Every structure is written in structure tokens, then in C-alpha cells.
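Here is the structure we will look at, set down as C-alpha cells.
The values are calculated or read from the model by the stated rules, or taken from the named source; none is laboratory data. The structure presented is a predicted model; accordingly, all values stated were derived computationally and were not measured. FYI the Cβ positions are ideal-geometry reconstructions off the backbone, even for glycines, and counts take in every protein chain you see. Surface accessibility is based on the protein's heavy atoms, side chains included, excluding ligands, DNA and RNA. Shrake-Rupley method; radii C 1.70, N 1.55, O 1.52, S 1.80 Å.
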Amino acid sequence: MLRQDFNRSDPKRRVLADHRKKQFAAPTYHETEYHHRLNFYATPPTADITLEQFEQWAIDRLRILAELEACSFRNKSLTETASHMKPLLEKYLLLQPNSSSSSKLFEERQKDHYSHFILRLAFASTEDLRRRFSRVETMLFRLRLNDESPRDRDAFIQSINLDCEQVTEDERNKYRDELAALTSSKKGVEEEVTWVKVDWEKVPDLVESRRVFVKAGKAYVPSKEQSSMVIAEFTKRLDRALDLTARALPRLDEDDRLTPILNHLSKNFITPDASYVGSSSSVSGADISARNIDTLSAQFPLCMQNLHRTLRRDAHLKHFGRLQYSLFLKGIGLNLEECLIFWRSAFHKITDDTFNKEYRYNVRHVYGDVGGDSNRRGGGYSPFSCQKILTEHPPGPGEAHGCPYRHFSLENLTTLLQGVGITDRSVLNGVKEDKESQKFHMACNRVFEHVHKNEIKRAKDESIMTSAQLETIIHPNEYFKRSYLLKNLGKTNSEDIKMEDS
Amino acid sequence: MVDAPAQNGDSHQIADDDVAMAGTNGDEKKDLKDIKLEDLFADGDSDEEFPSTRNDETDNPLALSPVTNGNGISSSDPELLRMFYQRLFPFRYLFQWLNHSPTPTNDFGHREFALTINDVSNNEIYLRYQSYPTADLIRKDIVSKLPSRFEIGPVYTTNPRDRKTLRNQNSFKPLAKELCFDIDLTDYDGIRTCCDKANICVKCWQFMTMAIKVIDTALRDDFGFKHIMWVYSGRRGVHAWVCDKKARVMDDQKRKAIAGYLEVIRGGSQSGKKVNLWRPLHPHLSRSLEILAPHFQEDVLETQDPWAESDRAEHLLSLLPDKTLNESLRKKWASSPGRASTSKWADIDALAKSGASKGLDTRALLEAKQDIVLEYTYPRLDIEVSKKLNHLLKSPFVVHPGTGRVCVPIDTNRLDEFNPMAVPTVQELLSEIDDWAGPAPGGKTPADWEKTNLKPYIEQFRSFVLALMRDEHDPKIKREREENEGMDF
Ligand SMILES: [Zn+2]
């Protein structure tokens, strides 16, 4: 590890300073003051820190961001995320309010400030990293904003310059009914509400969820929603700053000693989706072939079982269904030849000619057998994670893809579960509650644990699997892998069931 | 990644050849290289398509051998297409529409067009990233390639044809495109009784009329857009093009916001209740309900009679909250089989008032009834089309290969009069030119389109384009308009 202090005579230090000078707003060399706990990170830091601090602060923040991303992949609610993050934030990135008597406020805020800018450098290089960085930084900001005392929050909102105007008394009368529809609760309790008016583009998420009144291009935002306006502004400014950083990046000298640190940091922020490329999720010793899919499908998660059943019933699947299922099959280790055989025989109502014309290419593309260079190099696409299945392309009429726990009505979900042999009332009830509280992963894992309760007990008792290998499943292919291994605990030798870390 | 339409700068989309074959047969040379994953999964069934909206023909297994129309000439017959593009297609107004100025700018020059061409063995070839500097050049190319249809994509940072020569391929990015909507009657198959699949009639067309009213009102009143063009998609749906500058430059997040604001009907075939709304209703929804209520009474209850059969009436009951009330309704309806939907709808309130259920929650019942009205009338949007800046959409005025009908703009001032079955077909139009009797004595010879029933549609398009250009504040408009009088395309 590098343990060398920066000082002003160090030429490398100047690289960093020069770079910042070009990249960010005019640096201010007087000591930065932190009036607020919250920070929009508009001004880059300028005071010296040691290389060790540089690295440690960045790693601490990265830990927080990675954990936040994991919370979102596990579909935790905001409240759950907040309570999960609380001890971690206290340990790695404590930020106390102005009211605190701590003497460490400056140090805490300085660390927050620097670590943000260091990671900004580390994650500016690719579009994907920028997007994810912006997403998790926004989550972090949101947690902190929600946690802020009303007084501090108002003071902070005053300090950033949001372009909004107060809604006049005249307008409030003119749109009395419309505004009332957005604030009056069912119980009829009227609260004192203040309204501000902004261009609707400033609050796209509030517009999308119809939580504001929209008129002639303006959004009328009630007081309770104003914090999302601040959050949207945070994201917007951060995205813009990241783009500027990305453009300035090539000017960072190649031999700069920061570069390896930055590269290392960004590599440690790997995407959970990427962990199922190729064969890492396949299981050794299993007969993964077209003719065996019917048998194997008993070990599939419900989303894939549903696709399989629909396919067998209709001899057809619509395109997102084929996409989701093909990628999953690829992920369990079905090779291209077998996958083509599988789809060909499954679509038994169409001719070879139609199959070759309409579908053959699709399957090959999924495997990276054809397509542009980058598709081939990348071996096609990665199997979908639960997160992706839950949030992207919800199924439309006649479509069978998606997550049954989320996209089915409770009645149809129950029928499906009973159809695959889940009849235990307490499990079905648990699934119902999970679904109602939108914990779709929990429902899926509940079913998994029910189906495998004996094997899981044995695996734990005999320490065959570590608890990390038994934690919440967040990927359909992980579901299959674990399901298959558990079902075959006795049949294969211990060498085979050793799981690869994923 | 798989959500490729958002990332058109990705190398896998822009790295390779322009030519993409829709019907490949394993021959490496013919493989599509320049195509998104979603394209590949959009095929010969009734799926929605990505990234382009081509569902009008692809649901038809005969799409590759186009339907002949009346007089026995196929709508994709090359000669027919040649005459149509040469003599009738309004290239100059198309150019002005997308260029926002009479003199060529990057708005037009950097715009992507995608052409679908049938080769000699009737394979469909899909040519993406075509672009043209001027109206004359697009006309020339279309007349020589004779695409069965073409689509319009976004304006890019550079000329789409030069995208591969860029040193930094990431700098090739979509910048602007109209905000688009796609509504298709196949998404109404669960609630229309008159037709299904690709078939339509005037009865179910009313769903499109309702959809246009609701969406158009929201776009104008709520978001303040002014330049909205609705276009008949040639068979069983409509497209909207919102052309205001503010709309064109929206990023995907803003498009998604508008799409979400307007989307009410959610869930696939297994999702049960499709409308789930907070109360009190958002102003957009109470206004939509006001617009839709009369249509519900007339076009749904009376015309579609959706709950005449008892299994369909069961669906209605499944949407109502009170089990006791449902029992009474079930009993009543069992005693008069085939009772009309209008009566069944009225029965709900009648039995509720008669005290059929002691513990009836009247508010819950009212809300459920509102939800039902929305489920049976509210527009069913193909929302993916609206969410992405770089989604391609079929151009207005192309010919639908299945029906031969021209994708004409719809006059929203006379929306109730629009009859899709009366939209001219390419065959009719060409014979109208032949049948034209000649100019009035002393009158000048009009352009070919003025001799046909396409005239009102092109005139409507022209005034739309002129109003749009006027709003873009281009001082040259007036002069150009004068020069263009009587010019052909
Ligand atoms: Zn009909």
C-alpha cells in the first residue's frame, strides 16, 4: 500500500491540483467551510490530504455505495434500507448534524466531501459506471435528506438555488379542486400545505407517479413532495458534473500514481448482473440438454417454470418470454446447439422454414454466435437478474415473462403455485403477505426454502454450505444452481457440490 | 446491455453493416449485425416490436406476400410503389416537418431513416441509419429503393451515415426526436367483442377515438404541447407525433415520466384487476373519466355489450368489491340469460340501493365502478414507444402493405367523423389520377395529389407543418411558402 504523504513540492500532487483546476469550477484555495451536513458537491476539495487518506476514504465510501446498491437489488424499501444502512453509515461515513456537540463535524464532512470527489473520478470513465454511481449517490443523499431535521433541511434547501416560484392565492383558488385532490387524504384531514410551481421537467418522478398537479407545462408541488425536487436536482447536477469529469479524464497522466488506485476502485464496483456470464452459474455433473429440460424445470424458479409451462401449453412464447427464458437456459449451461434443438422442438406447430427464418437467429444472437463484434466478444447477453425482471418491461396482455410474484394477481399466483405443487397454507399465506408488502424476493425465497427445507437443514448441519451461500437469492440462475445442488446433495461427491462464489 | 434502445452509442449497435436481413437462414454473410436484441425477438407473431413499431404487418403471417387489394394489384408491387412515391408522396412537406425550416439543417440531415425493402427472393431487408441532406435526395433514394415502408428515428449528433468514421464512437448519440405514442386495437382484445386480432370495424374504432381525446387533451392542457399530429397506422391503430421543440429534446427520463403519467391500464393477461388508482383521483384521471363516461355508456355498454355472456359477466363481478351484492347480481342475471350490459350495469346501483347488501361500502362501490369505466375505455398505450428517444416509428403517408391504405393524418377537429375504412388505398389513389378529367377551362394543371382523395390529408399535413415552422421562428418561412405554391414534391 502506498503510504507517502502528499506535499506541495510533490510533482504528483500538482498533477492532481492542475487536473482539478481544469476540470471543475474555479478552485477556491481558502479553507472549505461546511455550513450544512448535506452537500451538493458543487465545489471540488482543494486542501491537501495524504495518499493513505485518499485511498481509505474512497474505500469507505465505496463500501457504503455497494451496500446501497445491494439493498436496491434486494428490493428493500426506503425504510428498510435506512435501518440496514444506519450502523454502516455510522462506522464508515458518519455525518452528524449541526446540533451535535461533536468536535469532529469538520473532519466528517471533509471526508464525505473528498471521498465523493475521489469516487467521481474513479467512476466517470464509462457510461455504465456513471449511471450507477449517480444512482447510488442519489440514494445516499436521499437517506440523509430524510434524516435531516426540518430546520436544517429548510436551511439547506434555501442554500441551493432551486428555480421555483410560490403559487399565488389567485391560482390556489382557481385550481382549488385539482390541488385538493392531491393533498386531501381519504380521511378528510386537511393539512396546511404550501405549493410551489416549477417546470414539470424538474420533477419527472413526481409527474410520472402523478403526485403533482400539472398544468400548461408547470408542476404544482405540495410541501410534502418538495424533497423529491431537491433530490432530482441533486441527480441532475451530479450527472452533468460526471459528464464533465468524463471529458476531462483523458488529461489525467497515465503514470499518475492515482490512476491505479482509481482503476482498482472502479473494478471493485462490479455489477451483480455480470456475475452470471458464461458457465459460472452452471452446475457440474448435471445433464443439461434439450431433452432434459422438462425434468430440470422442476428446479426452476417460478418465473421460469411459468415460461416453461406456457411454452408447453401454447408451443409458443412471445418475444420477451423467449428472451428471458433463453438467457436463463444459457445461464444454466445449455449450449447453443441444445438450445436450438430445445426451441425447435418446443415450437412444434411451425415449419422448419419458419423456425429458421424467424427464431434461429435470435437464439444464436443470445449466445453471441452472431451479431456485432461486441456481442460476439461478450458471448451474447447476460441472463436477467431478478432486479431486471422485476423492473423492466412488465408483461403486457398475452405475455408470460416477468416475475409471477409481482406481475400476477394474487389469485392467479396462488393457482400457479398450487399447480407446481405448493399447497402448504402457511407458505401460501406468507407469499400473500410478501406480495402485499411488495417483497417479491422474499416470496420467492420463501418458496425456495419451503421446497428445500430438509436439504437446507442438512446442508447447514453438515456445514456443506456456508451461510453466505444460503443467503437471499436475487438471480434466477442462482435459484436453479442452488436448487439443483440441494436436491442432489446425496448423489454427488462433495467435490462436485462445492459452490463457486458468485 | 439488453435495454439497448437507450444506449444507441453502444458499439454493438453501430459497429457493423447497414444491411440487416429479417429472414436469415444461417448464412453468415447475410447475418444481421447491426441490430438490437429486441429487434431479433420481434418476429412473426403479434408481439409488440422493438425498436420500431411495425406491428401492423408483422402479425400477419402473409406479410411477406402482401395482400392483393380489390383490383388484384399487390400494395407492395414495385410499380405501384414507384408511382406512389413519384407522384403522391409529400416529400417536401415531410422534409419541412422534420427540418423545421425550408432550408436544409442538421435536424433533417442528421435524422435516421430506416427502410424496409423486399429483395428479389422476397426477403425483407431492413436498412438502418439512412440519412439525406435534402427533400430531393430522400425522394430520389426512396423512388429508387422502393421500400415497402420506412421509419423515422432520431436526429443524431452527427450524420448517421458517418457514424463509423468517428474517432470516438461514443460521440454518436441520439439528440432529439418527437415524442411518440402508439395505440393499437389488438391491445383491446380483452374488451372488444366485435372483432379481434388485426380486424377492425367502426364500432371498435371508437376506442381509438376515445384514446385520442384523452391523450391529446392531457398533452395540450397539462404539458402545454401544441404541435401534435395523430396518424392512422394503416390498419388498426394510431400514432401520435408530438413535435414541439420542448418535446423533441426530452431525454428518456422525461419521456418515461410522461408515459407513466398517462399510463393507467397495467398488467399482463394474468394480472387480474388492471386499474389500481389512488383516491382521490388525480385531476388528469377525473378529467379523463369525464371525457370517457359518455363513450362508456354508448360505445362500450350499448355497442360492445361486453358482459352479455355469463363468463364475461363474471369478470365484471370480479371487479366489484361487495360479495353479498355480487351474489344478488349473479342470481338476478342467471334468471335472465343474455341480459344486456347496459341493464347489468344499471342493476349494480339498483340492487345496491335496494339494500341487497347490509354492510355495503358505497364509496368502495363507486370507486370500483370508476375503475371499471377506466378499464373499458382508458387508452391502452404501447408505452415502450413513448419511453425511448431513439425508438423508430413508421412515417406518415407510407402505404400499409397489408391493407394498401395510406397512413394519413387524422383531423382531431373532426375526430368523430374519421373512418379508417374510408381511408384511401394506393390503388384507388392511382386510378383517381388516371380518371382525372382535366383542368377547368383556363385553370392551371394541379399537382397529382390534388387530383385525388389524398388532397385533404396532404393539405392538413401542410398546415400542420407550417404552423410548426412558424413557431420555430424562422424568418425564411414566408418566402419559401410563396415559392412553393403549386410545386410538386
Ligand atoms: Zn370491431
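Over the stretch B:272-377, what relative contact order in percent results from Cα pairs under 8 Å that are six or more residues apart?
43 percent
So how much slack lies between residue A:223 and residue A:165, counting 0.36 nm per residue of separation and subtracting their Cα-Cα distance, in nm?
Taking 0.36 nm per residue and subtracting the Cα distance, the gain is 19.6 nm.
Average partner chain C-beta neighbours within 10 Å, per residue of B:220-230?
Counting Cβ atoms of other protein chains within 10 Å of each residue's Cβ and averaging gives 3.
Can you divide the C-alpha Rg of the stretch A:290-499 by 2.2 N^0.38 Å and report the result to two decimal places?
1.05
Within the set of other residues whose C-beta is less than 12 Å from the C-beta of residue B:80, count the net charge using Lys and Arg as +1 and Asp and Glu as -1.
Combined, the nearby Lys, Arg, Asp and Glu give -1.
Over the stretch A:161-226, calculate the relative contact order: mean separation of alpha carbon pairs under 8 Å at least 6 apart, over the residue count, as a percent.
Here the relative contact order equals 33 percent.
Under the rule a/c < 1.5 gives rounded, and otherwise a/b versus b/c splits prolate from oblate, where does the stretch B:352-444 land using the Cα gyration tensor?
It is prolate, given that a/c is not under 1.5 and a/b is the larger ratio.
Please list, in order along the stretch B:317-328, the HN-Hα scalar couplings obtained from phi with the Karplus expression 6.51 cos²θ - 1.76 cosθ + 1.60 (θ = phi - 60°), rounded to whole Hz, x for Gly and Pro.
In residue order, the calculated couplings are 4, 5, 8, 9, x, 9, 5, 5, 4, 4, 4, 4 Hz.
Under 22 Å between alpha carbons: how many lysine pairs meet that in the stretch A:128-244, if sequence neighbours fewer than 8 apart on the same chain are excluded?
17
Let me check against my output: what whole-number percent is the relative contact order of the stretch B:149-209, with C-alpha pairs under 8 Å and at least 6 apart?
25 percent
Taking a probe of 1.4 angstrom, what is the accessible area of residue A:450 in Å², to the nearest 10?
40 Å²
Cα gyration tensor of the stretch B:272-377, axes a ≥ b ≥ c as square roots of the eigenvalues: rounded (a/c below 1.5), prolate (a/b > b/c) or oblate?
oblate
Could you go through the stretch A:123-129 in sequence order and give the Karplus-derived ³J(HN,Hα) for each residue, using 6.51 cos²θ - 1.76 cosθ + 1.60 with θ = phi - 60°, rounded to whole Hz, and x for Gly and Pro?
9, 7, 5, 10, 4, 4, 5
Provide a whole-number value for the mean count of partner chain Cβ atoms within 10 Å of the Cβ atoms in peptide A:202-208.
Average per residue, whole number: 5.
Residue B:157 versus residue B:331, label points 7 Å from Cα toward the beta carbon: distance in nm?
7.1 nm
Roughly how crowded by other chains is peptide A:357-367, in terms of the mean Cβ count from those chains within 10 Å of each of its Cβ atoms?
That works out to 6 on average.
When all protein chains stay in place, what accessible area (Å², nearest 10, 1.4 Å probe) is found for residue A:474?
Solvent-accessible area, nearest 10 Å²: 40 Å².
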